[in-house]
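Comments concern the structure below.
The values are calculated or read from the model by the stated rules, or taken from the named source; none is laboratory data. Only a predicted model underlies this, so the values are computations on that prediction, with no experimental measurement involved. When we count neighbours, we look across all protein chains shown, and the Cβ atoms used for this are built from the backbone with ideal geometry, even at glycine. Quick note on the areas: whole protein, heavy atoms, side chains included, nothing else; ligands and nucleic acids left out. Shrake-Rupley method; radii C 1.70, N 1.55, O 1.52, S 1.80 Å.
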Amino acid sequence: MLGQFSSPFKLARKGIMGMNQRNTCYISRYNPRKLYPLVDNKLKTKIIAQRDEVTIPALIGVVRTQHDIQSIIPLLHKHSGFVIKPAKGSGGKGILVITKQQAGLFFKPSGAQASEEDIKRHCSNILAGLFSLGGSPDVAVIEALIEFDSCFDGFSFEGVPDVRVIVFQGYPVMAMMRLSTAASDGKANLHQGAVGVGIDIGTGKALHAVQFDRPIDVHPDTDRPLRELEVPHWQRLLELASNCYEMSGMGYLGTDMVLDKSNGPMLLELNARPGLAIQIANGEGILPRLKLVEKMIAQGQKLNPLERVEFSKKEFAR
Amino acid sequence: MSSRNTFYLIVSLCMLIGISMTLYRHIQFEVPWQPGEKRQIWSIEAKVEFDASGDSVEAVLALPQTQQGFTRIHESTASLAYGLSFVNDQDNPRAIWTKRSAQGHQEMYYKVDFLVDPKATDIYQPQMPTTPFTEYPEPYFTAANHLVKQAEEVSADAYSFTRELIKALTDEAAKSNQNTGLILNYKPKNQLIVDLLNNAHVPARIVKGLELEDGRRRQSITEYIQVFKDENDWQIFDLASASQGRPANTLLWEYNGNSLLEVVGGRDSQVTFSMLSVEQSAQSAVAPKISEADFLNFSIDSLPLEEQALFKGILLIPIGVLIVVLLRVLVGLKTSGTFMPVLIAVAFMQTSLMTGLIGFLLVVGTGLIIRGYLSHLNLLLVSRISAVIITVIGIISIFSVISFKVGLTEGLKITFFPMIILSWTIERMSVLWEEEGAKEVVLQGGGSLLVAVLAFLAMNNEYVRHLTFNFMGIQFIVLGIILILGNYTGYRLLELRRFQPLADRED
């Protein structure tokens, strides 16, 4: 029983960051409270991303009032696949993904059906604030489905794999890929059972993989060895992530990106409270990297996004 | 950095205020640390008897005061058809019974409770008497002078002089010494010693005390000699045991030279005492003492009973909150809603644990099933939750009625659950079920219930209840601890397990 626990000194020596430290020493210190709405509200994120010309999935429509729901259905029928999400949702809650339509019926990635009524109810729930932080009234954002790059075939099951890069003071410090599984029901949230694969900042290649915080070697549904994973357009993706610092003003930021077949890396959303599982996926504590960047800042280094990416690629390559 | 210093200052202030308030309450008001602590109380009843002659009657009884070793906490009287008034002169507190006319045997009672209290002190100093010269006819005068001279030679101050006099008048001395034997025949020993002391310009007088012995009835008062060295320094001497100082277990009923009982309009008056030793919980024993003290009394004892009962519950909430903070910050347990477990725990306080748990599971379980149906109706969130609230009320009513019919009155306690909390829990659990499956519902719901049970156990603890209710300072200490915990950046207990594969990885 005790063997399942590790000594706190050992964790500290490995530079592993705990939740309390993340909350007090990084999130509350580097993320100004007044900027949270930009990140917590996906609609606002989209607006600043468009302003800064950061690539994002196309916006199909926004449902702001109960009345809008009626008029959105005809619009949805024009798109075979789309995603409905609450603007203020968190932890992947309330995201409805429709991959195809047939005879007036909508289909989720798992193949489960959804009726027009289901879609309407989902929108109405979003508006009432069921999925939003603190239960405040919300708006539903409908965006185009990403046609994800076929290079990830076999690495993900029924869902869009995304790349999470932790950006600290504009420096990409740690990255991982989140691959959905049957257990995660097509979602890319690690606590729901998605596979996390640590990605080498230097090369974009897989380092190490975990599911439910325990190491694994192959994708549980497709049996594809996770070691073979390599993220294409890696340089472009890091630059995109690095840009999010200037765009959002957040010092400690989780950036979620996807690879679209035709448009390459795209910013999906930002997260002001990125989780700690990325350390397990990388098999390494994040603290030494954060400390190095803090030292750089303390020395008064001011670099542009491209220079920061080069610095990170050099320092954090494994 | 200055903000950090302010933080530590605030925390230290909280702790300091909390600890000193708590200690002050304990030392000054003797509020005990433990709820079960027992204190000894002497219940003494004085019975005044006399034969009234048919005219107007006035009976005056001296009353004892808080004094060294004893705190007076309660008094009452009983007397048939007599007018009664308490006169509380500092040096002569007394009860006066009056009646226009009375005939035959009269009885009246005065009952007083004294708390055995080593920290109690005399609430007033008796006034020093004058030293009137008492004439003694010969040959007693010569004998007395001789005794006094002898005692003076071998003594240094008023007290040693008294001791020597007492020694000279003991029974053995009386047998061997003619002078002593002679003088003892003339006057009773107590009065004799007082006279001799006064003649030698040592202020002294006879005072009345009561030997306390559990279960004694019809005991009479005992006389002691009070000798003054100066205004504020006096001692009690007991001739029977030849001891100096207040005898143990003796309550001085009257120690200011006043009469014990005066009866006008009656004959054969006497006062006798019955007494009983009672072990009482320290809490109720000191309660009257606390309510008397007004200054610096940061206690809710001064509030009306109804508000006190309310506060008893409110003051426990910080303890529940502390448990939640501990479990979330130090252990890392997941709960649905930050302080929902505290609210559930408060509900458990009303229902008792088992009833509360079963009731909670029954209502939430049934609610989830009904909520499952409601979700098919495609309702708006607000009206759906409202519907759930009404459903919950329905479920609670049905369970109450059924359990009452079956004879389980415990089941009625289910009504203590706050509806809104139950409804919101059902709604959240239902969404969680749809989104993340039953497992997550069990995990988060179980986590909440576990925290709620732990918070309940802490809040329901006899010691915790006693401490939070009696020591307001505890609130500051809890606040200090919570602030310190807010500053904790170390690992949570469950993270040690979560990151274990990472830590044990080969480098």
Give the residue, chosen from B:Arg217, B:Arg246, B:Arg205, that is within 16 Å of B:Ser274 (Cα to Cα) and either at pLDDT 80 or above or not hydroxyl-bearing (Ser, Thr, Tyr) (or both).
-> B:Arg217
Right, B:Gln226: in a strand (DSSP E or B), open to solvent by 30 Å² or more (accessible area, probe 1.4 Å) and not basic (Lys, Arg) or not?
-> no
Taking the stretch B:487-497 and the residues there that are open to solvent by 50 Å² or more (accessible area, probe 1.4 Å) and in contact (Cβ under 8 Å) with a residue 60 or more places away in the chain, the one that is farthest from the chain's Cα centre (by Cα) would be B:Leu494
Which of the residues belonging to the stretch B:359-380 are without any contact (Cβ under 8 Å) to a residue 12 or more places away in the chain and assigned to a helix (DSSP H, G or I)?
-> B:Leu361, B:Gly365, B:Ile369, B:Tyr373, B:His376
State yes or no: is A:Leu253 farther than 27 Å from A:Cys25 by Cβ and open to solvent by less than 10 Å² (accessible area, probe 1.4 Å)?
-> no
Among what's in the stretch A:101-135 and is open to solvent by 40 Å² or more (accessible area, probe 1.4 Å) and under 23 Å from the mean Cα position of the chain (by Cα), pick the residue that is farthest from the other protein chains (Cβ to nearest Cβ).
-> A:Pro109
Residues that are buried (at least 24 other Cβ atoms within 10 Å of the Cβ): find the strands (runs of 3 or more DSSP E) completely inside the stretch A:167-242 holding 1 or more of those.
-> A:171-179, A:195-199, A:206-211
Would you check if there is a residue in the stretch A:251-267 being in contact with a Lys or Arg (Cβ under 9 Å, 6 or more places away or on another chain) and either farther than 24 Å from A:Phe152 by Cβ or part of a helix (DSSP H, G or I) (or both)?
-> yes
Subset of the stretch B:380-394 [more than 11 Å from B:Glu427 (Cα to Cα) and within 12 Å of another protein chain (Cβ to nearest Cβ)] | B:Leu380, B:Ser383
Sort out which residues of the stretch A:60-71 are away from every other protein chain (no Cβ under 14 Å) and either basic (Lys, Arg) or in a loop (DSSP other than H, G, I, E, B) (or both), and write them in order of number.
-> A:Arg64
Looking at the stretch B:175-182, is at least one residue hydrophobic (A, V, I, L, M, F, W, C), open to solvent by 20 Å² or more (accessible area, probe 1.4 Å), in contact with a Phe, Trp or Tyr (Cβ under 9 Å, 6 or more places away or on another chain) and under 24 Å from B:Ala46 (Cβ atoms)?
-> no
May I ask you to list the residues in the stretch B:454-482 that are under 30 Å from B:Leu422 (Cα atoms) and open to solvent by 30 Å² or more (accessible area, probe 1.4 Å)?
-> B:Leu454, B:Leu457, B:Asn460, B:Asn461, B:Glu462, B:Tyr463, B:Val464, B:Arg465, B:Gln475, B:Leu479, B:Ile482
Lone unmet requirement of (1) open to solvent by less than 20 Å² (accessible area, probe 1.4 Å); (2) farther than 26 Å from A:Ala188 by Cα; (3) within 14 Å of another protein chain (Cβ to nearest Cβ) for A:Gly89 = (2)
Select, from A:Pro57, A:Pro74, the only residue that is exposed (fewer than 13 other Cβ atoms within 10 Å of the Cβ) and away from chain B (no Cβ under 14 Å).
-> A:Pro74
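Residues are listed down the side, and each one gets a yes or a no for (1) in contact (Cβ under 8 Å) with a residue 40 or more places away in the chain; (2) open to solvent by less than 60 Å² (accessible area, probe 1.4 Å):
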residue	(1), (2)
B:Lys149	no, no
B:Glu153	no, no
B:Ile166	yes, yes
B:Thr170	yes, yes
B:Leu184	no, yes
B:Asn190	yes, yes
B:Arg205	yes, yes
B:Lys208	yes, yes
Among the residues of the stretch B:418-465, how many are without any contact (Cβ under 8 Å) to a residue 12 or more places away in the chain and of a type in the set (S, T, N, Q)?
-> 1
Failed item, numbered, when B:Tyr124 is tested on (1) modelled with pLDDT of 80 or more; (2) open to solvent by less than 50 Å² (accessible area, probe 1.4 Å) | (1)
What is the one condition in (1) in contact (Cβ under 8 Å) with a residue 24 or more places away in the chain; (2) open to solvent by 40 Å² or more (accessible area, probe 1.4 Å); (3) away from chain A (no Cβ under 13 Å); (4) within 30 Å of B:Leu374 (Cβ to Cβ) that B:Thr415 does not satisfy?
-> (1)
Which of the residues spanning the stretch B:498-507 are at the interface with another protein chain (Cβ under 8 Å from one of its Cβ atoms), open to solvent by 50 Å² or more (accessible area, probe 1.4 Å) and not basic (Lys, Arg)?
-> B:Asp504
How many of the residues in the stretch A:72-105 are among the charged types (D, E, K, R) and part of a strand (DSSP E or B)?
-> 2
Find the residue count for the stretch A:280-299, including only residues that are within 22 Å of the chain's Cα centre (by Cα) and more than 14 Å from A:Val167 (Cα to Cα).
-> 6
Those residues of the stretch A:8-51 which are among the basic types (Lys, Arg), more than 30 Å from A:Val63 (Cα to Cα) and either open to solvent by 30 Å² or more (accessible area, probe 1.4 Å) or more than 14 Å from every other protein chain (Cβ to nearest Cβ) (or both) amount to A:Lys10, A:Arg13, A:Lys14, A:Arg29
Reported set for the stretch B:331-342 where residues are surrounded by fewer than 19 Cβ atoms within 10 Å (Cβ to Cβ), assigned to a helix (DSSP H, G or I) and either at pLDDT 85 or above or touching a Pro at 6+ places or on another chain (Cβ under 6 Å) (or both) is B:Val331
Scanning the stretch B:307-330 for residues that are open to solvent by 40 Å² or more (accessible area, probe 1.4 Å) and away from every other protein chain (no Cβ under 14 Å), the one modelled with the highest pLDDT turns out to be B:Ile317
Selection over the stretch A:268-295 where residues are within 14 Å of chain B (Cβ to nearest Cβ), assigned to a loop (DSSP other than H, G, I, E, B) and open to solvent by 10 Å² or more (accessible area, probe 1.4 Å) yields a count of 3
Can you confirm whether the stretch B:441-462 contains a residue that is touching a Ser or Thr at 6+ places or on another chain (Cβ under 6 Å), away from chain A (no Cβ under 13 Å) and of a type in the set (Ser, Thr, Tyr)?
-> yes
